[in-house]
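The values are calculated or read from the model by the stated rules, or taken from the named source; none is laboratory data. Given the structure is predicted, the values throughout are model-derived calculations rather than measurements. Glycine gets a Cβ as well: all are built from the backbone with ideal geometry, and neighbour counts include every protein chain shown. The accessibility values were calculated without ligands, DNA or RNA, using every heavy atom of the protein model including side chains. Shrake-Rupley method; radii C 1.70, N 1.55, O 1.52, S 1.80 Å.
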Amino acid sequence: MTALPLPKEQYDVVIIGAGPAGLAAASVAGKAGLSTLVLDENAQPGGQIFRAINTTPVKRRDVLGDDYWRGETLVAEARGSGATIVQGATVWSLDRDLQIAVSLLGQSQILKARRVIIATGALERPFPIPGWTLPGVMTVGAGQTLLKASGLVPDGKVVLAGTGPLLWLYAAQVLRGGGAIEAILDTTPRGNYWRALPHALPFLMSPYWTKGLALMREVKRRVRVVANVTSLAVRGGDRLNAVAYSVAGGGEQSMAADTLLLHQGVVPNVNLANAAGVAHRWDDRQLCWAPLLDADGNTSVPGIAIAGDGAGIGGAQAAVERGRIAALAAVQALAPGKRSLTPDRTDTAKALRRAERGRAFLDVLFQPASQFRLPDGDTIVCRCEEVTAMQIKDTIGLGVEGPNQLKAFLRCGMGPCQGRLCGLTVTEMIAQARGISPEAVGYYRLRPPVKPVALKELASIPHSEQAEKAVVRG
(Lines give C-alpha, C1' and ligand atoms only; values in the text may rest on other atoms or scores of the structure.)
Protein backbone atom coordinates (compact mmCIF):
# COMPACT_ATOMS: atom_id res chain seq x y z
CA MET A 1 0.00 0.00 0.00
CA THR A 2 1.33 3.45 -0.89
CA ALA A 3 1.43 6.28 1.61
CA LEU A 4 -1.72 8.34 1.83
CA PRO A 5 -1.47 11.74 0.14
CA LEU A 6 -2.21 13.78 3.27
CA PRO A 7 -0.05 13.36 6.38
CA LYS A 8 -2.79 13.92 8.96
CA GLU A 9 -6.24 12.41 9.31
CA GLN A 10 -7.73 15.08 11.58
CA TYR A 11 -7.68 18.88 11.51
CA ASP A 12 -9.27 21.62 13.56
CA VAL A 13 -10.65 23.31 10.45
CA VAL A 14 -11.01 21.97 6.94
CA ILE A 15 -11.90 24.53 4.28
CA ILE A 16 -13.24 23.25 0.97
CA GLY A 17 -12.36 25.65 -1.83
CA ALA A 18 -9.52 28.15 -2.26
CA GLY A 19 -11.40 31.04 -3.80
CA PRO A 20 -11.86 34.42 -2.09
CA ALA A 21 -13.86 33.04 0.85
CA GLY A 22 -11.67 29.96 1.38
CA LEU A 23 -8.43 31.94 1.28
CA ALA A 24 -9.74 34.59 3.68
CA ALA A 25 -11.00 31.91 6.07
CA ALA A 26 -7.66 30.09 5.92
CA SER A 27 -5.78 33.26 6.83
CA VAL A 28 -7.89 33.84 9.93
CA ALA A 29 -7.92 30.24 11.15
CA GLY A 30 -4.26 29.64 10.35
CA LYS A 31 -3.03 32.79 12.06
CA ALA A 32 -5.02 31.86 15.17
CA GLY A 33 -2.99 28.67 15.42
CA LEU A 34 -5.70 26.19 14.46
CA SER A 35 -4.56 23.24 12.37
CA THR A 36 -6.13 24.34 9.10
CA LEU A 37 -6.36 22.43 5.83
CA VAL A 38 -7.61 23.91 2.55
CA LEU A 39 -8.70 21.41 -0.11
CA ASP A 40 -9.06 22.81 -3.62
CA GLU A 41 -9.59 20.88 -6.85
CA ASN A 42 -7.90 23.42 -9.10
CA ALA A 43 -4.20 23.46 -9.91
CA GLN A 44 -3.67 26.85 -8.25
CA PRO A 45 -5.50 28.81 -5.53
CA GLY A 46 -7.85 31.64 -6.45
CA GLY A 47 -11.11 29.96 -7.40
CA GLN A 48 -12.99 31.28 -10.41
CA ILE A 49 -12.62 34.96 -9.56
CA PHE A 50 -8.86 34.92 -8.99
CA ARG A 51 -8.15 31.94 -11.25
CA ALA A 52 -4.45 31.46 -12.07
CA ILE A 53 -3.61 34.59 -10.09
CA ASN A 54 0.02 33.51 -9.66
CA THR A 55 0.50 31.82 -13.02
CA THR A 56 -1.59 33.71 -15.58
CA PRO A 57 0.28 34.53 -18.79
CA VAL A 58 -1.69 37.80 -18.98
CA LYS A 59 0.97 40.18 -17.69
CA ARG A 60 -0.62 43.49 -18.65
CA ARG A 61 -2.47 44.25 -15.45
CA ASP A 62 -5.04 46.50 -17.12
CA VAL A 63 -6.44 43.57 -19.16
CA LEU A 64 -7.93 41.72 -16.20
CA GLY A 65 -8.33 44.85 -14.05
CA ASP A 66 -7.37 45.97 -10.55
CA ASP A 67 -10.04 43.88 -8.82
CA TYR A 68 -8.50 40.68 -10.20
CA TRP A 69 -5.01 41.43 -8.94
CA ARG A 70 -6.25 41.87 -5.36
CA GLY A 71 -6.22 38.09 -5.32
CA GLU A 72 -2.41 38.15 -5.05
CA THR A 73 -2.64 39.57 -1.53
CA LEU A 74 -5.25 37.02 -0.47
CA VAL A 75 -3.16 34.10 -1.67
CA ALA A 76 -0.01 35.46 0.00
CA GLU A 77 -1.83 35.97 3.31
CA ALA A 78 -3.29 32.48 3.25
CA ARG A 79 0.06 30.89 2.43
CA GLY A 80 1.75 32.83 5.20
CA SER A 81 -0.86 32.00 7.80
CA GLY A 82 0.29 28.50 8.65
CA ALA A 83 -2.65 26.87 6.87
CA THR A 84 -1.92 23.90 4.61
CA ILE A 85 -3.25 24.45 1.09
CA VAL A 86 -3.58 21.33 -1.06
CA GLN A 87 -4.33 21.74 -4.78
CA GLY A 88 -5.77 19.06 -7.05
CA ALA A 89 -7.86 17.74 -4.15
CA THR A 90 -11.45 16.84 -5.08
CA VAL A 91 -13.83 16.51 -2.15
CA TRP A 92 -16.53 14.00 -3.09
CA SER A 93 -18.25 13.47 0.24
CA LEU A 94 -18.98 15.31 3.49
CA ASP A 95 -21.26 13.90 6.17
CA ARG A 96 -22.90 15.07 9.37
CA ASP A 97 -20.05 13.66 11.45
CA LEU A 98 -17.69 16.05 9.63
CA GLN A 99 -15.96 13.22 7.82
CA ILE A 100 -14.59 14.33 4.48
CA ALA A 101 -13.71 12.06 1.56
CA VAL A 102 -11.13 13.56 -0.77
CA SER A 103 -9.52 12.28 -3.96
CA LEU A 104 -5.90 13.32 -4.45
CA LEU A 105 -3.22 11.91 -6.74
CA GLY A 106 -5.41 8.97 -7.68
CA GLN A 107 -6.12 7.97 -4.10
CA SER A 108 -9.04 8.68 -1.83
CA GLN A 109 -8.69 9.41 1.85
CA ILE A 110 -11.10 10.03 4.71
CA LEU A 111 -10.37 13.01 6.96
CA LYS A 112 -12.03 14.25 10.11
CA ALA A 113 -12.52 17.89 11.03
CA ARG A 114 -13.74 19.68 14.14
CA ARG A 115 -15.18 22.42 11.89
CA VAL A 116 -15.79 22.52 8.15
CA ILE A 117 -16.16 25.65 6.04
CA ILE A 118 -17.62 25.03 2.59
CA ALA A 119 -16.35 27.68 0.18
CA THR A 120 -17.16 26.07 -3.15
CA GLY A 121 -18.42 29.29 -4.73
CA ALA A 122 -20.82 29.62 -7.62
CA LEU A 123 -21.78 28.08 -10.94
CA GLU A 124 -23.07 29.78 -14.05
CA ARG A 125 -26.83 29.58 -14.33
CA PRO A 126 -28.01 27.19 -17.07
CA PHE A 127 -28.93 28.96 -20.33
CA PRO A 128 -30.94 26.30 -22.20
CA ILE A 129 -31.71 27.72 -25.64
CA PRO A 130 -32.10 25.72 -28.87
CA GLY A 131 -28.66 24.55 -29.99
CA TRP A 132 -26.75 25.52 -26.83
CA THR A 133 -24.92 22.18 -26.86
CA LEU A 134 -23.43 22.64 -30.36
CA PRO A 135 -19.65 23.11 -30.78
CA GLY A 136 -18.87 26.79 -30.93
CA VAL A 137 -21.15 27.62 -28.00
CA MET A 138 -19.70 28.03 -24.54
CA THR A 139 -20.29 30.09 -21.44
CA VAL A 140 -18.76 33.45 -20.64
CA GLY A 141 -17.28 31.90 -17.51
CA ALA A 142 -15.49 29.29 -19.60
CA GLY A 143 -14.21 32.01 -21.92
CA GLN A 144 -12.89 33.96 -18.96
CA THR A 145 -11.17 30.84 -17.62
CA LEU A 146 -9.31 30.48 -20.93
CA LEU A 147 -8.29 34.12 -20.76
CA LYS A 148 -7.01 34.01 -17.17
CA ALA A 149 -5.38 30.59 -17.27
CA SER A 150 -4.03 30.54 -20.82
CA GLY A 151 -4.14 34.11 -22.11
CA LEU A 152 -6.58 33.15 -24.89
CA VAL A 153 -9.20 35.43 -26.42
CA PRO A 154 -11.70 34.07 -28.98
CA ASP A 155 -11.12 34.87 -32.64
CA GLY A 156 -13.39 34.95 -35.68
CA LYS A 157 -16.92 36.28 -35.38
CA VAL A 158 -17.59 36.40 -31.63
CA VAL A 159 -21.04 37.09 -30.18
CA LEU A 160 -21.91 37.44 -26.49
CA ALA A 161 -25.50 36.95 -25.33
CA GLY A 162 -27.25 37.22 -22.01
CA THR A 163 -27.26 39.47 -18.99
CA GLY A 164 -25.30 40.20 -15.82
CA PRO A 165 -22.14 41.98 -14.63
CA LEU A 166 -19.78 39.17 -15.72
CA LEU A 167 -20.93 39.52 -19.33
CA TRP A 168 -19.78 43.15 -19.43
CA LEU A 169 -16.58 42.51 -17.48
CA TYR A 170 -15.53 39.71 -19.82
CA ALA A 171 -16.35 41.81 -22.90
CA ALA A 172 -14.09 44.58 -21.60
CA GLN A 173 -11.30 42.10 -20.81
CA VAL A 174 -11.48 40.59 -24.33
CA LEU A 175 -11.28 44.04 -25.92
CA ARG A 176 -8.36 45.10 -23.70
CA GLY A 177 -6.62 41.82 -24.56
CA GLY A 178 -6.72 42.58 -28.29
CA GLY A 179 -9.85 40.59 -29.17
CA ALA A 180 -12.90 41.73 -31.12
CA ILE A 181 -16.61 41.20 -30.50
CA GLU A 182 -19.21 41.36 -33.29
CA ALA A 183 -22.15 42.08 -31.01
CA ILE A 184 -23.65 41.73 -27.56
CA LEU A 185 -27.24 40.46 -27.50
CA ASP A 186 -28.52 41.89 -24.22
CA THR A 187 -31.38 39.79 -22.82
CA THR A 188 -32.01 42.00 -19.78
CA PRO A 189 -35.81 42.44 -19.71
CA ARG A 190 -36.81 46.08 -20.06
CA GLY A 191 -39.21 45.75 -17.14
CA ASN A 192 -36.34 44.88 -14.82
CA TYR A 193 -35.14 48.48 -14.90
CA TRP A 194 -38.42 49.62 -13.35
CA ARG A 195 -38.53 46.78 -10.84
CA ALA A 196 -34.98 47.54 -9.73
CA LEU A 197 -35.70 51.23 -9.08
CA PRO A 198 -36.77 50.80 -5.42
CA HIS A 199 -33.28 49.40 -4.74
CA ALA A 200 -31.43 52.14 -6.63
CA LEU A 201 -30.37 54.37 -3.72
CA PRO A 202 -28.10 51.83 -1.94
CA PHE A 203 -26.69 50.89 -5.33
CA LEU A 204 -25.84 54.51 -6.13
CA MET A 205 -23.97 54.68 -2.81
CA SER A 206 -21.97 51.55 -3.60
CA PRO A 207 -18.72 51.26 -5.59
CA TYR A 208 -20.51 49.04 -8.12
CA TRP A 209 -22.34 52.03 -9.62
CA THR A 210 -19.32 53.90 -10.95
CA LYS A 211 -17.41 50.71 -11.83
CA GLY A 212 -20.33 49.21 -13.69
CA LEU A 213 -21.14 52.37 -15.59
CA ALA A 214 -17.54 52.82 -16.69
CA LEU A 215 -17.37 49.19 -17.81
CA MET A 216 -20.51 49.40 -19.93
CA ARG A 217 -19.39 52.66 -21.53
CA GLU A 218 -15.99 51.14 -22.34
CA VAL A 219 -17.64 48.21 -24.13
CA LYS A 220 -20.38 50.18 -25.90
CA ARG A 221 -17.83 52.48 -27.50
CA ARG A 222 -16.45 49.50 -29.46
CA VAL A 223 -19.20 46.89 -29.70
CA ARG A 224 -22.67 46.89 -31.21
CA VAL A 225 -25.17 46.18 -28.42
CA VAL A 226 -28.65 44.87 -29.28
CA ALA A 227 -30.90 45.57 -26.30
CA ASN A 228 -34.15 43.94 -25.21
CA VAL A 229 -33.51 40.60 -26.91
CA THR A 230 -36.47 38.30 -26.26
CA SER A 231 -35.50 35.10 -28.09
CA LEU A 232 -32.26 33.31 -28.96
CA ALA A 233 -31.40 30.20 -30.94
CA VAL A 234 -28.20 28.67 -32.26
CA ARG A 235 -28.17 27.85 -35.97
CA GLY A 236 -25.88 25.29 -37.58
CA GLY A 237 -25.52 21.63 -38.51
CA ASP A 238 -22.64 20.05 -36.69
CA ARG A 239 -21.48 23.35 -35.19
CA LEU A 240 -22.58 26.94 -34.67
CA ASN A 241 -22.63 29.12 -37.76
CA ALA A 242 -25.20 31.78 -36.85
CA VAL A 243 -27.25 33.16 -33.97
CA ALA A 244 -30.96 33.85 -34.48
CA TYR A 245 -32.60 36.39 -32.22
CA SER A 246 -35.52 38.75 -31.95
CA VAL A 247 -36.19 41.90 -29.99
CA ALA A 248 -39.47 42.94 -28.43
CA GLY A 249 -42.02 43.74 -31.14
CA GLY A 250 -39.72 42.67 -33.97
CA GLY A 251 -39.26 39.65 -36.20
CA GLU A 252 -36.45 37.12 -36.12
CA GLN A 253 -33.03 38.25 -37.27
CA SER A 254 -29.79 36.37 -37.69
CA MET A 255 -26.08 37.12 -37.54
CA ALA A 256 -23.16 34.94 -38.55
CA ALA A 257 -21.02 33.71 -35.65
CA ASP A 258 -18.06 31.40 -35.05
CA THR A 259 -18.26 31.59 -31.26
CA LEU A 260 -21.25 32.32 -29.04
CA LEU A 261 -20.64 32.95 -25.35
CA LEU A 262 -23.72 32.71 -23.13
CA HIS A 263 -24.25 34.05 -19.64
CA GLN A 264 -27.22 34.89 -17.41
CA GLY A 265 -25.71 35.17 -13.97
CA VAL A 266 -24.29 32.81 -11.40
CA VAL A 267 -25.92 30.76 -8.64
CA PRO A 268 -24.58 29.09 -5.48
CA ASN A 269 -22.91 25.71 -5.94
CA VAL A 270 -25.00 23.77 -3.44
CA ASN A 271 -24.23 20.16 -4.32
CA LEU A 272 -21.80 19.30 -1.53
CA ALA A 273 -23.82 21.11 1.14
CA ASN A 274 -27.02 19.51 -0.12
CA ALA A 275 -25.47 16.03 0.04
CA ALA A 276 -24.29 16.75 3.61
CA GLY A 277 -27.88 17.39 4.64
CA VAL A 278 -27.69 21.18 4.96
CA ALA A 279 -31.14 22.80 4.79
CA HIS A 280 -31.73 25.11 1.83
CA ARG A 281 -34.40 27.60 0.77
CA TRP A 282 -35.52 28.98 -2.58
CA ASP A 283 -34.35 32.57 -3.07
CA ASP A 284 -37.07 34.39 -5.03
CA ARG A 285 -34.79 37.33 -5.86
CA GLN A 286 -31.76 35.40 -7.08
CA LEU A 287 -33.95 32.56 -8.44
CA CYS A 288 -31.86 29.76 -6.98
CA TRP A 289 -31.31 27.56 -3.94
CA ALA A 290 -29.36 29.02 -1.04
CA PRO A 291 -28.41 27.47 2.32
CA LEU A 292 -30.13 28.49 5.54
CA LEU A 293 -27.43 30.23 7.58
CA ASP A 294 -27.02 32.23 10.76
CA ALA A 295 -25.01 35.46 10.99
CA ASP A 296 -21.74 33.48 11.28
CA GLY A 297 -22.44 31.35 8.22
CA ASN A 298 -23.35 28.29 10.30
CA THR A 299 -25.70 25.82 8.63
CA SER A 300 -28.38 23.51 9.98
CA VAL A 301 -25.67 20.82 10.41
CA PRO A 302 -23.59 21.49 13.53
CA GLY A 303 -19.95 22.19 12.70
CA ILE A 304 -20.52 23.00 9.02
CA ALA A 305 -20.44 26.62 7.85
CA ILE A 306 -20.72 28.03 4.34
CA ALA A 307 -18.95 31.16 3.11
CA GLY A 308 -18.60 33.01 -0.16
CA ASP A 309 -20.97 32.88 -3.11
CA GLY A 310 -22.04 29.40 -2.05
CA ALA A 311 -23.92 31.18 0.74
CA GLY A 312 -25.76 33.39 -1.77
CA ILE A 313 -24.34 35.48 -4.57
CA GLY A 314 -22.61 38.58 -3.21
CA GLY A 315 -19.44 39.10 -5.24
CA ALA A 316 -15.74 38.84 -4.46
CA GLN A 317 -15.42 41.27 -1.57
CA ALA A 318 -18.51 39.93 0.18
CA ALA A 319 -17.06 36.44 -0.22
CA VAL A 320 -13.85 37.55 1.49
CA GLU A 321 -15.71 39.01 4.46
CA ARG A 322 -18.00 35.98 4.76
CA GLY A 323 -14.93 33.75 4.81
CA ARG A 324 -13.39 35.78 7.63
CA ILE A 325 -16.62 35.70 9.64
CA ALA A 326 -16.98 31.92 9.29
CA ALA A 327 -13.38 31.45 10.41
CA LEU A 328 -13.82 33.84 13.34
CA ALA A 329 -16.73 31.68 14.50
CA ALA A 330 -14.51 28.60 14.24
CA VAL A 331 -11.77 30.26 16.32
CA GLN A 332 -14.35 31.34 18.89
CA ALA A 333 -15.65 27.76 19.14
CA LEU A 334 -12.32 25.91 19.18
CA ALA A 335 -9.77 28.33 20.64
CA PRO A 336 -11.47 31.39 22.16
CA GLY A 337 -8.20 32.37 23.82
CA LYS A 338 -6.75 33.07 20.36
CA ARG A 339 -9.30 35.73 19.44
CA SER A 340 -6.70 38.44 19.98
CA LEU A 341 -4.90 37.08 16.90
CA THR A 342 -7.92 37.54 14.64
CA PRO A 343 -9.67 40.50 12.98
CA ASP A 344 -12.39 42.28 14.94
CA ARG A 345 -15.79 40.64 14.37
CA THR A 346 -17.68 43.95 14.41
CA ASP A 347 -15.38 45.57 11.86
CA THR A 348 -15.63 42.53 9.61
CA ALA A 349 -19.41 42.56 9.78
CA LYS A 350 -19.40 46.25 8.81
CA ALA A 351 -17.14 45.48 5.87
CA LEU A 352 -19.55 42.76 4.77
CA ARG A 353 -22.50 45.15 4.88
CA ARG A 354 -20.55 47.63 2.73
CA ALA A 355 -19.69 44.89 0.24
CA GLU A 356 -23.33 43.78 0.02
CA ARG A 357 -24.66 47.32 -0.45
CA GLY A 358 -26.43 47.62 -3.79
CA ARG A 359 -26.71 43.86 -4.27
CA ALA A 360 -30.51 43.90 -4.37
CA PHE A 361 -30.47 46.32 -7.32
CA LEU A 362 -28.14 44.04 -9.30
CA ASP A 363 -30.18 40.95 -8.42
CA VAL A 364 -33.41 42.45 -9.73
CA LEU A 365 -31.92 44.25 -12.73
CA PHE A 366 -30.15 41.16 -14.03
CA GLN A 367 -32.84 38.62 -13.17
CA PRO A 368 -33.05 36.46 -16.31
CA ALA A 369 -36.28 36.34 -18.29
CA SER A 370 -38.47 33.25 -17.92
CA GLN A 371 -38.15 32.25 -21.60
CA PHE A 372 -34.40 31.79 -21.09
CA ARG A 373 -34.90 29.67 -17.96
CA LEU A 374 -37.86 27.55 -19.06
CA PRO A 375 -37.12 25.92 -22.43
CA ASP A 376 -39.51 24.22 -24.86
CA GLY A 377 -39.54 21.51 -27.51
CA ASP A 378 -36.34 19.74 -28.47
CA THR A 379 -34.06 22.00 -26.44
CA ILE A 380 -31.79 19.85 -24.32
CA VAL A 381 -32.10 20.43 -20.57
CA CYS A 382 -29.95 17.63 -19.09
CA ARG A 383 -26.77 17.67 -21.13
CA CYS A 384 -25.29 14.57 -19.48
CA GLU A 385 -28.25 12.32 -20.34
CA GLU A 386 -29.46 14.33 -23.38
CA VAL A 387 -32.99 14.84 -22.03
CA THR A 388 -35.12 17.43 -23.82
CA ALA A 389 -37.64 19.93 -22.50
CA MET A 390 -40.43 18.09 -24.31
CA GLN A 391 -39.54 14.80 -22.61
CA ILE A 392 -39.58 16.52 -19.24
CA LYS A 393 -42.94 18.19 -19.87
CA ASP A 394 -44.47 14.93 -21.10
CA THR A 395 -43.22 13.12 -18.00
CA ILE A 396 -44.52 15.83 -15.69
CA GLY A 397 -47.86 15.30 -17.42
CA LEU A 398 -47.83 11.70 -16.16
CA GLY A 399 -48.09 13.04 -12.63
CA VAL A 400 -44.44 13.43 -11.63
CA GLU A 401 -44.35 15.76 -8.63
CA GLY A 402 -40.65 16.50 -8.12
CA PRO A 403 -37.08 16.27 -9.46
CA ASN A 404 -36.36 12.95 -7.77
CA GLN A 405 -39.32 11.23 -9.40
CA LEU A 406 -38.29 12.74 -12.71
CA LYS A 407 -34.80 11.34 -12.17
CA ALA A 408 -36.28 7.84 -11.93
CA PHE A 409 -38.07 8.24 -15.28
CA LEU A 410 -35.49 10.13 -17.37
CA ARG A 411 -32.16 9.98 -15.46
CA CYS A 412 -32.04 13.79 -15.30
CA GLY A 413 -29.36 14.74 -12.77
CA MET A 414 -27.73 11.30 -12.77
CA GLY A 415 -24.83 12.14 -15.10
CA PRO A 416 -21.31 13.25 -14.20
CA CYS A 417 -22.39 16.81 -13.33
CA GLN A 418 -24.91 15.49 -10.75
CA GLY A 419 -27.54 18.04 -11.74
CA ARG A 420 -25.36 21.14 -11.70
CA LEU A 421 -26.41 22.01 -15.26
CA CYS A 422 -30.07 20.98 -15.16
CA GLY A 423 -31.20 21.11 -11.53
CA LEU A 424 -32.53 24.66 -11.48
CA THR A 425 -34.24 24.27 -14.85
CA VAL A 426 -35.95 21.04 -13.81
CA THR A 427 -37.20 22.54 -10.54
CA GLU A 428 -38.62 25.62 -12.28
CA MET A 429 -40.22 23.58 -15.09
CA ILE A 430 -42.02 21.35 -12.60
CA ALA A 431 -43.09 24.37 -10.54
CA GLN A 432 -44.50 26.08 -13.63
CA ALA A 433 -46.35 22.98 -14.81
CA ARG A 434 -47.87 22.29 -11.39
CA GLY A 435 -48.59 25.94 -10.60
CA ILE A 436 -46.69 25.87 -7.33
CA SER A 437 -43.49 27.48 -6.04
CA PRO A 438 -40.00 26.06 -6.63
CA GLU A 439 -39.70 25.87 -2.83
CA ALA A 440 -42.62 23.45 -2.78
CA VAL A 441 -41.16 21.39 -5.64
CA GLY A 442 -37.74 20.95 -4.04
CA TYR A 443 -34.43 19.86 -5.51
CA TYR A 444 -32.57 16.67 -6.33
CA ARG A 445 -31.79 14.51 -3.30
CA LEU A 446 -28.03 14.28 -3.70
CA ARG A 447 -25.80 11.52 -2.39
CA PRO A 448 -22.04 11.07 -2.37
CA PRO A 449 -19.96 10.88 -4.41
CA VAL A 450 -20.89 14.39 -5.57
CA LYS A 451 -17.96 14.32 -7.99
CA PRO A 452 -16.89 11.38 -10.18
CA VAL A 453 -14.39 9.13 -8.43
CA ALA A 454 -12.79 5.89 -9.66
CA LEU A 455 -14.13 2.65 -8.20
CA LYS A 456 -10.59 1.49 -7.42
CA GLU A 457 -10.19 4.54 -5.20
CA LEU A 458 -13.28 3.62 -3.23
CA ALA A 459 -12.09 0.04 -2.89
CA SER A 460 -8.66 1.07 -1.66
CA ILE A 461 -9.81 3.38 1.12
CA PRO A 462 -8.40 2.05 4.40
CA HIS A 463 -11.22 0.80 6.60
CA SER A 464 -11.61 -0.49 10.13
CA GLU A 465 -12.62 -4.00 11.21
CA GLN A 466 -15.89 -2.55 12.49
CA ALA A 467 -16.65 -1.00 9.09
CA GLU A 468 -15.89 -4.31 7.35
CA LYS A 469 -18.21 -6.26 9.64
CA ALA A 470 -20.97 -3.79 8.87
CA VAL A 471 -21.10 -4.86 5.21
CA VAL A 472 -19.67 -8.42 5.11
CA ARG A 473 -22.09 -11.30 5.71
CA GLY A 474 -21.31 -14.82 6.82
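Within the stretch 104-120, how many residues turn out to be assigned to a strand (DSSP E or B) and either surrounded by 22 or more Cβ atoms within 10 Å (Cβ to Cβ) or among the hydrophobic types (A, V, I, L, M, F, W, C) (or both)?
At the first step, the residues of the stretch 104-120 found to be assigned to a strand (DSSP E or B) are 104, 107-118.
Cutting the leftovers down to either surrounded by 22 or more Cβ atoms within 10 Å (Cβ to Cβ) or among the hydrophobic types (A, V, I, L, M, F, W, C) (or both) gives us 104, 108, 110-111, 113, 115-118.
Selection size over the stretch 104-120: 9.
Filtering the stretch 135-158 to residues that are under 22 Å from residue 264 (Cβ atoms), assigned to a helix (DSSP H, G or I) and open to solvent by 30 Å² or more (accessible area, probe 1.4 Å) leaves 142, 145, 146.
Residue-wise test of (1) within 26 Å of residue 374 (Cα to Cα); (2) polar (S, T, N, Q).
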{"site": "150", "(1), (2)": "no, yes"}
{"site": "156", "(1), (2)": "no, no"}
{"site": "185", "(1), (2)": "yes, no"}
{"site": "209", "(1), (2)": "no, no"}
{"site": "232", "(1), (2)": "yes, no"}
{"site": "237", "(1), (2)": "yes, no"}
{"site": "243", "(1), (2)": "yes, no"}
{"site": "246", "(1), (2)": "yes, yes"}
{"site": "250", "(1), (2)": "yes, no"}
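When restricted to residues that are touching a strand residue (DSSP E or B) at 6+ places or on another chain (Cβ under 9 Å) and surrounded by fewer than 23 Cβ atoms within 10 Å (Cβ to Cβ), the stretch 250-265 contains 8. When residue 340 is tested against the conditions (1) free of Cβ contacts under 8 Å to residues at least 24 places away in the same chain; (2) buried (at least 20 other Cβ atoms within 10 Å of the Cβ); (3) polar (S, T, N, Q), the lone failure is (2).
For residues in the stretch 288-314 being crowded, with 20+ Cβ neighbours inside 10 Å and on the phi > 0 side of the Ramachandran plot, which is farthest from the chain's Cα centre (by Cα)? In this case the residue turns out to be 297. In the stretch 169-176, the count of residues that are touching a residue at least 24 places away in the same chain (Cβ under 8 Å) and either touching a Pro at 6+ places or on another chain (Cβ under 8 Å) or among the hydroxyl-bearing types (Ser, Thr, Tyr) (or both) is one or more.
Can residue 274 be described as open to solvent by 10 Å² or more (accessible area, probe 1.4 Å) and within 30 Å of residue 433 (Cβ to Cβ)?
Values: open to solvent by 10 Å² or more (accessible area, probe 1.4 Å): yes; within 30 Å of residue 433 (Cβ to Cβ): yes.
When the stated conditions are applied, residue 274 passes them.
Against the condition closer than 30 Å to residue 170 by Cα, open to solvent by less than 70 Å² (accessible area, probe 1.4 Å) and touching a residue at least 12 places away in the same chain (Cβ under 8 Å), how does residue 42 come out, does it pass? The answer is yes for residue 42. If I filter the stretch 295-312 down to residues being β-branched (Val, Ile, Thr) and not in a loop (DSSP other than H, G, I, E, B), which single residue comes out as nearest to residue 118 (Cα to Cα)? Here the residue is 306.
Kindly check whether there is at least one residue in the stretch 124-146 that is more than 30 Å from residue 174 (Cβ to Cβ) and in contact with a Gly (Cβ under 7 Å, 6 or more places away or on another chain). Lay out the reasoning, then the answer.
Residues of the stretch 124-146 that are more than 30 Å from residue 174 (Cβ to Cβ), as a first pass: none.
Checked the stretch 124-146: no residue is more than 30 Å from residue 174 (Cβ to Cβ) and in contact with a Gly (Cβ under 7 Å, 6 or more places away or on another chain).
Kindly indicate the residue of the stretch 51-89 that is open to solvent by less than 30 Å² (accessible area, probe 1.4 Å) and in contact with an Asp or Glu (Cβ under 8 Å, 6 or more places away or on another chain) and also farthest from residue 461 (Cα to Cα) among those meeting that condition. Even if it seems obvious, please write down each step before you answer.
Residues of the stretch 51-89 open to solvent by less than 30 Å² (accessible area, probe 1.4 Å): 52-53, 56, 58, 63-65, 68-69, 71, 74-75, 78, 81, 83, 86, 89.
Applying the additional criterion that residues be in contact with an Asp or Glu (Cβ under 8 Å, 6 or more places away or on another chain) yields 53, 86, 89.
On the way: 53: 34, 86: 19, 89: 15 Å.
By that ranking, first place goes to 53.
Take the residues of the stretch 191-238 that are more than 18 Å from residue 129 (Cα to Cα) and polar (S, T, N, Q): which is modelled with the highest pLDDT? So, considering only residues that are more than 18 Å from residue 129 (Cα to Cα) and polar (S, T, N, Q), the one modelled with the highest pLDDT is 192.
Here is a list: 333, 319, 351. Which entry is modelled with pLDDT of 95 or more, farther than 24 Å from residue 419 by Cβ, open to solvent by less than 20 Å² (accessible area, probe 1.4 Å) and in a helix (DSSP H, G or I)? Even if it seems obvious, please write down each step before you answer.
On the way: 333 fails: open to solvent by less than 20 Å² (accessible area, probe 1.4 Å); 319 fails: farther than 24 Å from residue 419 by Cβ.
Going through 333, 319, 351 in turn, just one is modelled with pLDDT of 95 or more, farther than 24 Å from residue 419 by Cβ, open to solvent by less than 20 Å² (accessible area, probe 1.4 Å) and in a helix (DSSP H, G or I): 351.
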